[in-house]
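Q: Below is a structure I'd like to ask you about.
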Amino acid sequence: YQAIPAMLNAFALVVIVLAIYAIMATEFFGSLGIQEPDFDSYALFGIFSSSGFTLFQIMTGDGWTGVVRPLFEVPGISPAGVTIFFVSYILIVSMIL
């Protein structure tokens, strides 16, 4: 029972980081208007809840390449910016967990 407060603190940190990055992802990627068979930017990042779920999927490592790789090919978005966004998210969440 002594570990419960520490686990709640870690959970709160993950939720805070997830919320901050979900807001940024919605702003950065939600309005791209990409609708391809394998990638729909609005379905993944269009609203806060879908951005949060997509980032939770990335946090678990499940199919994150299918989310990140198509963003490299979008005109008008810097691949370096996409890299910095997702690598920083994965590193921060990995350190917390």
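Read-outs throughout are calculated quantities, based only on the coordinates presented, and are distinct from any laboratory measurement. Computed from a prediction, not measured in an experiment: that's the story for all the values here. Reconstructed Cβ throughout: ideal geometry from the backbone, glycine too, with neighbour counts over all protein chains shown.
Q: Just to compare against my own numbers: the Cα pair-distance distribution for the chain, 5 Å bins, whole % per bin, please.
A: With 5 Å bins starting at 0, P(r) equals 2, 13, 23, 25, 17, 9, 5, 3, 2, 1, 0.
Q: Okay, next question. Sort 49-56, 10-17, 64-71, 75-82 by the packing proxy (mean of other Cβ within 10 Å over each peptide's residues), most packed first.
A: On the way: 49-56: 18.2, 10-17: 13.1, 64-71: 15.8, 75-82: 10.5.
Those peptides, ordered most packed to least, come out 49-56, 64-71, 10-17, 75-82.
Q: Right, another one. Report, in deg cm²/dmol and to the nearest 500, the calculated mean residue ellipticity at 222 nm for the chain, where each DSSP H run with n ≥ 4 adds -39500 (n - 2.57) and the sum is divided by the residue count.
A: Details: 5 runs with 71 residues, N = 97.
Computed ellipticity for the chain at 222 nm equals -23500 deg cm²/dmol.
Q: I would also like to ask the following. I'd like the orientation of helix 4-29 relative to the chain: the angle between its Cα long axis and the longest Cα principal axis, in ° from 0 to 90, rounded to 10.
A: 10 degrees
Q: Let me ask something additional. With a Förster radius of 41 Å, plug the Cβ-Cβ distance of VAL15 and GLU73 into 1/(1 + (r/R0)^6) and report the FRET value to the nearest 0.05. Please list the in-between numbers first.
A: On the way: r = 31 Å, r/R0 = 0.77.
My answer for the efficiency is 0.85.
Q: Then there's this: At a Förster radius of 41 Å, what calculated FRET efficiency corresponds to the Cβ-Cβ distance of ILE4 and GLU27, to the nearest 0.05? If you can, show how the numbers build up before the last one.
A: Numbers: r = 35 Å, r/R0 = 0.85.
With R0 = 41 Å, the Cβ-Cβ based efficiency is 0.70.
Q: Suppose the chain between PHE56 and ILE96 were pulled fully straight at 0.36 nm per residue; how much longer would it get relative to their current alpha carbon spacing? Present the calculation step by step, with values, prior to reporting the outcome.
A: On the way: separation 40, 0.36 × 40 = 14.40 nm, distance 1.38 nm.
Computed gain between PHE56 and ILE96 is 13.0 nm.
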